[in-house]
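For reference, the structure discussed in these notes is given below.
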Amino acid sequence: MIHVQHISKSYGDIAALRGVSFHIQPGEIVGLLGPNGAGKSTAIKIITGFLHPDEGAVEIDGHNVLTQLRAVQAKIGYLSENTPLYPELSVQGYLQLAARLRSLPKADLPRLLSAAVYGTGLQEYLTRPIASLSKGLRQRLGLAQAILHEPRFLILDEPTVGLDPTQIVEIRALIKSLAQQSTILFSSHILSEVEAICDRVIIIINGELRADQSLRALGQSNDATLVLQSEPEGVAEALGSLAGIAQAQPAQSADGYPAWRISGSSDITPAIFELARQHNWALRELRRDTVTLESFFNQLATTA
Ligand code: ADP
């Protein structure tokens, strides 16, 4: 379990984080989302113990990151924005060095190295010097060092930044497969990426926590759209008389049919369907609207 309690951090005059708190339960994949400069990297550096907060604290599995850093580091795997890879080393040499730096038991090394290499699909590249690897392969190597000690928590800072679309798809699939063993927190400024991978999203804007939202719950909206074949008299009045309807705004469907955007206090589509049946309206479409992460995020980003 990761507990982030009211962390703040300033760089001189710049308040990068202001009193951010959240919790992550075992087994979750959580996306830390925000525009560039929002404070995501700062939060990740504090959570992984690379940076001290001015205020607040972080606990990982009951260990305080500031005072019990070694215990914390044994539990987390960290892929930083720019993983320091040594260009002259081979893939294998780099992972062996990472294992030594982590003081992993010699007896476990063959098993751990092989799991990290096969888990990230690097088995064909073991003897290749890092200098000759593509950005996507380097990112996989960064992930391999992050999972080498079988950490319970994987913390990844912008894991797909700078990759081409094919590499992005590969790294996303890899992150999803790693989630079978680890709890994952990763930062991104790409909405679709977070939507594709995460169970939950934490949104930071201007150093402040603006939302902590399950993506499954986000999809459900109480708004509905009604599209009719033609516009009979009295549709707005009839809709307005339905219990549970807050607003019914006339609109037009993309293909030019009369439409209404209706918001209610719960799912109102069954009542609208019944109303259309009673009035013999020629129904073209009736749907419960979904809230996309994009519309949710844009609403947050545009409200102060
Ligand atoms: P993100 O990861 O969301 O892009 P960062 O945490 O990197 O955001 O940055 C948050 C804010 O702090 C930005 O305004 C950034 O310019 C500033 N910042 C980050 N690191 C430093 C630093 N080492 N020195 C000064 N300002 C910094």
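What to note about this one:
- Taking the listed residues Leu133, Leu113, the one that is away from the ligand (no atom under 16 Å from the Cβ) and modelled with pLDDT under 95 is Leu133, with no other qualifying.
- For the stretch 254-272, the tally of residues that are surrounded by 14 or more Cβ atoms within 10 Å (Cβ to Cβ), of a type in the set (A, V, I, L, M, F, W, C) and more than 18 Å from Gln220 (Cα to Cα) stands at 2.
- A Cβ distance below 8 Å, combined with a sequence gap of six or more or placement on separate chains, defines the contacts here; from the stretch 17-39, residues that are in the same structural domain as Gln180 (by TED's automatic domain parsing) and of a type in the set (Asp, Glu) reach residues that are part of a strand (DSSP E or B) and away from the ligand (no atom under 13 Å from the Cβ) in the pairs Glu28/Thr183; Glu28/Ile184; Glu28/Arg200.
- Yes/no for Leu185 being surrounded by 15 or more Cβ atoms within 10 Å (Cβ to Cβ), within 9 Å of the chain's Cα centre (by Cα) and within 16 Å of the ligand (Cβ to nearest atom): yes
- Scanning the stretch 8-44 for residues that are over 23 Å from Glu195 (Cα atoms) and out of contact with any Asp or Glu (no Cβ under 7 Å at 6 or more places or on another chain) returns Tyr11, Gly12, Asp13, Ile14, Ala15, Ala16, Leu17, Gly19.
- Selected residue (criterion: farthest from the ligand (Cβ to nearest atom)) from residues of the stretch 16-45 that are more than 21 Å from Thr160 (Cα to Cα) and surrounded by 17 or more Cβ atoms within 10 Å (Cβ to Cβ): Ile24
- Evaluating Pro26 against the criteria (1) within 25 Å of Lys135 (Cβ to Cβ); (2) part of a loop (DSSP other than H, G, I, E, B); (3) within 20 Å of the chain's Cα centre (by Cα) leaves one unmet condition, (1).
The values are calculated or read from the model by the stated rules, or taken from the named source; none is laboratory data. What you see is a predicted model, and the numbers here were worked out from it, not measured in a lab. Note that each Cβ is placed from the backbone with ideal geometry, even for glycine, and that neighbours are counted across all protein chains shown.
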